[in-house]
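Asker: Provided herewith is a single structure, encoded as structure tokens, for subsequent inquiry.
The values are calculated or read from the model by the stated rules, or taken from the named source; none is laboratory data. Here the structure is a predicted model, which is why all the values come from computation and not from measurement. No Cβ is skipped: glycine too gets one built from the backbone with ideal geometry, and neighbour counts run over all protein chains shown. Heads up: the accessible areas ignore ligands, DNA and RNA and are worked out on the full protein's heavy atoms, side chains in. Shrake-Rupley method; radii C 1.70, N 1.55, O 1.52, S 1.80 Å.
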Amino acid sequence: MTVTVAILGCGNRGADVYARHLAAQGARVTHLVDPCPARLAEVAARHGLGPEVCFSDWDAFFTLGRVADAVVIATPDDAHVEPCLRALALGYDVLLEKPICLEEADLDRLLAAEAASRGRVTVCHVLRATPFFQAVAAGLAEGRLGRLVGITHAENVAWWHYAHSYVRGNWAQSPPAAPFLLAKSSHDLDLLRAWAGAEPVRVSSEGGLHHFRPEEAPPGAADRCVRCPVTDCPYDARTIYPPRDPHAWPVTVLTAGGVSLADALEQGPYGRCVYNGANNQPDHQTVTVTFAGGVVATLTVSAFTHNNTRTLKLLGTRGELRGHMERGELDWHDFRTGAVERQVVDTSGTHGGGDVGLIAAWLAFLRGEAGVPTPLSESLDSHRMAFAAERARNTRG
């Protein structure tokens, strides 16, 4: 069975990741939606599509009715809900990019729409599909730690990644983008939910914007990096982008549509000084969640890390697990024997193999070979935690 899929949103995630993996795994991309003509033409050429199946807005696409088996919705953060509702009304199965929505009330709207539809929504929580985190889940299921009591998890964003995405990039301002915690760490909140195996019952949070503000700018800093005399700024775009692979993220974000890297740094948002005050996202935040059943978890998400990875510590009545995703290392400590077993897991590929894994699981569902990768109701708990954490963070003091 050849699955047919329409891609709504031809940015990095929609076109460069999901559409590419879908095609590589035997699906056929049949329709594209994106407001940028140059990007639409570029992606259409990859998949051999003509202009008659390319649309500048999703409303025009949906007037066709149900013309594919499923849709990928990878539009901007504030444009996920309405196309998903339209897709469900037509009976489409949906792969929905996170964050799902920016308003908590929309979570229940989506649940109700799915219940009334033949279609099912799979949220792009790709970390569940990585071999690394699947190994964690398998060890918990085997009882290697006994009863799980506590979780300490860190999303180490890396100084340059935060500057790229949350100061200069599409997620610099919330709204219209999702809050930092929801945009970056709904994956991680989803992992906490999966490991606890229960619903969250209490959430608290502290955090704020500590550094990327005008008053933190070094003396003499210019408005753009290409004409800045400061030579030791770690966030200088001239030292972040040019040394990296020009054919890979994040450089491809700057050069999409045929823009040169030099022009992007001279004129585009990714060449701006990080201290210009155009951003409002927290750069360091900690969340504490208590789950039904008693598991207590903390998640820290921070810009101020040297590496771009996840680290974790899971505490159980019979053992402790320490993990480092970038290195693929899981150290299982057994209290009964004193032994420590190091498990090394392959973490190659984007999101540690999670992008490929999620598409494989979704296609298996679409072909009738497996159930939905994760029920929507469970996926939404990550967002409920994020909204509760933002309420708590913003009402302190």
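Asker: Step by step: first the residues of segment 212-239, then only those that are touching a residue at least 60 places away in the same chain (Cβ under 8 Å) and in a loop (DSSP other than H, G, I, E, B), then the one that is surrounded by the fewest Cβ atoms within 10 Å (Cβ to Cβ). Which residue is that?
Answerer: In this case the residue turns out to be P234.
Asker: Find the strands (runs of 3 or more DSSP E) located wholly in segment 1-77 whose residues include 1 or more that are open to solvent by less than 60 Å² (accessible area, probe 1.4 Å) and farther than 18 Å from V126 by Cβ, and list them. Working first, answer last.
Answerer: Working: elements: 4-8, 28-33, 70-73.
Where strands (runs of 3 or more DSSP E) fall fully within segment 1-77 and carry at least 1 residues being open to solvent by less than 60 Å² (accessible area, probe 1.4 Å) and farther than 18 Å from V126 by Cβ, they are 4-8, 28-33.
Asker: Turning to a different aspect of this structure: Select from segment 307-334 the residues that are assigned to a loop (DSSP other than H, G, I, E, B), within 21 Å of the chain's Cα centre (by Cα) and over 17 Å from K184 (Cβ atoms) and list them in ascending order.
Answerer: We begin by selecting, within segment 307-334, every residue assigned to a loop (DSSP other than H, G, I, E, B); these are 307-308, 317-318, 325-328.
From what's left, within 21 Å of the chain's Cα centre (by Cα): 307-308, 325-328.
R327, G328, listed by residue number.
Asker: Is one or more of the residues making up segment 243-262 over 24 Å from T350 (Cβ atoms), in contact (Cβ under 8 Å) with a residue 12 or more places away in the chain and open to solvent by 60 Å² or more (accessible area, probe 1.4 Å)?
Answerer: Checked segment 243-262: no residue is over 24 Å from T350 (Cβ atoms), in contact (Cβ under 8 Å) with a residue 12 or more places away in the chain and open to solvent by 60 Å² or more (accessible area, probe 1.4 Å).
Asker: For segment 269-282, check the following and say yes or no: at least one residue is assigned to a strand (DSSP E or B) and not acidic (D, E). Lay out the reasoning, then the answer.
Answerer: Filtering segment 269-282 for residues assigned to a strand (DSSP E or B) gives 272.
When the remaining residues are screened for being not acidic (D, E), the result is 272.
Looking through segment 269-282, at least one residue is assigned to a strand (DSSP E or B) and not acidic (D, E).
Asker: With the requirement that a residue be out of contact with any strand residue (DSSP E or B) (no Cβ under 9 Å at 6 or more places or on another chain), assigned to a helix (DSSP H, G or I) and in contact (Cβ under 8 Å) with a residue 12 or more places away in the chain, what does segment 112-133 give you?
Answerer: V126, R128, A129, P131
Asker: Name the one entry in A112, A79 that is at pLDDT below 95 and more than 21 Å from T350 (Cβ to Cβ).
Answerer: On the way: A112 fails: at pLDDT below 95.
So the residue among A112, A79 that is at pLDDT below 95 and more than 21 Å from T350 (Cβ to Cβ) is A79.
Yes/no per residue for (1) within 15 Å of E155 (Cβ to Cβ); (2) in a loop (DSSP other than H, G, I, E, B):
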position	(1), (2)
P176	no, yes
K184	yes, no
L189	yes, no
A194	no, no
S205	yes, no
H210	no, yes
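Asker: Return the residues of segment 342-372 that are loosely packed, with under 14 Cβ neighbours inside 10 Å and closer than 24 Å to R144 by Cα; say none if nothing qualifies. Full working, then the answer.
Answerer: So the first thing to find is which residues in segment 342-372 are loosely packed, with under 14 Cβ neighbours inside 10 Å, and the list is 342, 344, 346, 348, 368-371.
Listed by number, the residues that qualify are R342, V344, D346.
Asker: I've got another one for you. Select from segment 373-394 the residues that are over 18 Å from the mean Cα position of the chain (by Cα) and surrounded by 16 or more Cβ atoms within 10 Å (Cβ to Cβ) and list them in ascending order.
Answerer: A388, A392, R393
Asker: Which residues, taken from segment 83-127, are over 22 Å from L192 (Cβ atoms), open to solvent by less than 10 Å² (accessible area, probe 1.4 Å) and over 17 Å from the mean Cα position of the chain (by Cα)?
Answerer: Selection gives P83, C84, A87, L88, G91, Y92, G119.
Asker: Please go through segment 362-397 and pick out each residue that is in a loop (DSSP other than H, G, I, E, B) and among the aromatic types (F, W, Y).
Answerer: Taking segment 362-397 and keeping what is in a loop (DSSP other than H, G, I, E, B), we get 367-375, 395-397.
Hits for segment 362-397: nothing passes.
Asker: Assuming T337 fulfils every condition listed in (1) surrounded by fewer than 15 Cβ atoms within 10 Å (Cβ to Cβ); (2) out of contact with any helix residue (DSSP H, G or I) (no Cβ under 8 Å at 6 or more places or on another chain); (3) assigned to a helix (DSSP H, G or I) apart from one, which condition is it?
Answerer: It is condition (3) that T337 fails.
Asker: Scan segment 145-171 for residues that are surrounded by fewer than 20 Cβ atoms within 10 Å (Cβ to Cβ) and assigned to a loop (DSSP other than H, G, I, E, B) and jot them down.
Answerer: G146, R147, A158, G169, N170
Asker: Follow-up. Which of the residues spanning segment 34-63 are in contact with a strand residue (DSSP E or B) (Cβ under 8 Å, 6 or more places away or on another chain) and within 14 Å of Y92 (Cβ to Cβ)?
Answerer: If the condition is that a residue be in contact with a strand residue (DSSP E or B) (Cβ under 8 Å, 6 or more places away or on another chain) and within 14 Å of Y92 (Cβ to Cβ), then W58, F61 are the ones that fit.
Asker: Can I ask one more? Every residue in segment 271-301 that is within 30 Å of P219 (Cα to Cα), surrounded by fewer than 20 Cβ atoms within 10 Å (Cβ to Cβ) and among the polar types (S, T, N, Q), please.
Answerer: The answer is N276, N280.
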